[in-house]
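The values are calculated or read from the model by the stated rules, or taken from the named source; none is laboratory data. Predicted, not measured: the structure shown is a model, and the values here were computed from it. All Cβ positions, glycine included, derive from the backbone under ideal geometry; neighbour counts span all protein chains shown.
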């Protein structure tokens, strides 16, 4: 047996208190009830400790299950769900770019080199002068270089908003030139600007819709999600075309 004197426990520690004593012990089941909310002690959280947000779970409350995140396309940094929704859009944009860019590249090379029966720079300048442009040589260079470089860049889909804006400005001026050859609206007249009208719509669509994933711009934001920047490029092309017409040509093409 353990020596009570060595353990520090004496017989007095096991003696029940006398009647009338101030010490009370629980005698019933109600005395044993403990309010856990009052019994729990809240300790201050140090600012250096990480804060953890807990979720209160109550009886009979529906469990909150977090919605799983959509899978992310690691290559493009966007959701796979969005990628699959595009369907044949990228293919359609590729065909549109090849059509517009290829046509502009073809016309630009004809003006620069004289290939495929083209006029070359000298004849191009004479034709521009005949259309009442004030600076025919400068205008011929701007048109030929813009069509060649802009058409090639649109075809490949590189810096597409800038390249397509340059092409759009040139096509708008070509439309105005066709319109100014005779008084009145020349849209359906022989040699009228129907062809230029179609190119204006197609080039504008490339700027506002983006070149798509099948392009060298595929990693750029404007490739599949053009926003304010593409709209600004579209408006800038119209403003540049108007300024070029006023400075280098002048006059109202509709009268």
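Assorted remarks:
- Flag for residue 130 being touching a residue at least 12 places away in the same chain (Cβ under 8 Å) and within 19 Å of residue 246 (Cα to Cα): no
Results for (1) within 25 Å of residue 249 (Cα to Cα); (2) touching a strand residue (DSSP E or B) at 6+ places or on another chain (Cβ under 8 Å); (3) at pLDDT 90 or above, shown as yes or no for each residue.
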{"residue": "32", "(1), (2), (3)": "no, no, no"}
{"residue": "45", "(1), (2), (3)": "no, no, no"}
{"residue": "48", "(1), (2), (3)": "no, no, no"}
{"residue": "51", "(1), (2), (3)": "no, no, no"}
{"residue": "64", "(1), (2), (3)": "no, no, no"}
{"residue": "99", "(1), (2), (3)": "no, no, yes"}
{"residue": "107", "(1), (2), (3)": "yes, no, yes"}
{"residue": "121", "(1), (2), (3)": "yes, no, no"}
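- Among residues of the range 111-149, those that are within 21 Å of residue 165 (Cα to Cα) and more than 41 Å from the chain's Cα centre (by Cα), counted: 0
- Selection status of residue 202, crowded, with 18+ Cβ neighbours inside 10 Å, touching a helix residue (DSSP H, G or I) at 6+ places or on another chain (Cβ under 9 Å), under 14 Å from residue 101 (Cα atoms) and in contact (Cβ under 8 Å) with a residue 60 or more places away in the chain: yes
- Helices (runs of 4 or more DSSP H) within the range 77-189 that include 1 or more residues over 30 Å from residue 229 (Cβ atoms): 89-113, 120-130, 136-156, 160-180
- Residue in the range 165-183 that is surrounded by the most Cβ atoms within 10 Å (Cβ to Cβ), counting only those that are over 28 Å from residue 155 (Cα atoms) and touching a residue at least 24 places away in the same chain (Cβ under 8 Å): 180
- Unmet requirement for residue 215, which otherwise passes all of (1) under 26 Å from residue 134 (Cα atoms); (2) crowded, with 20+ Cβ neighbours inside 10 Å: (1)
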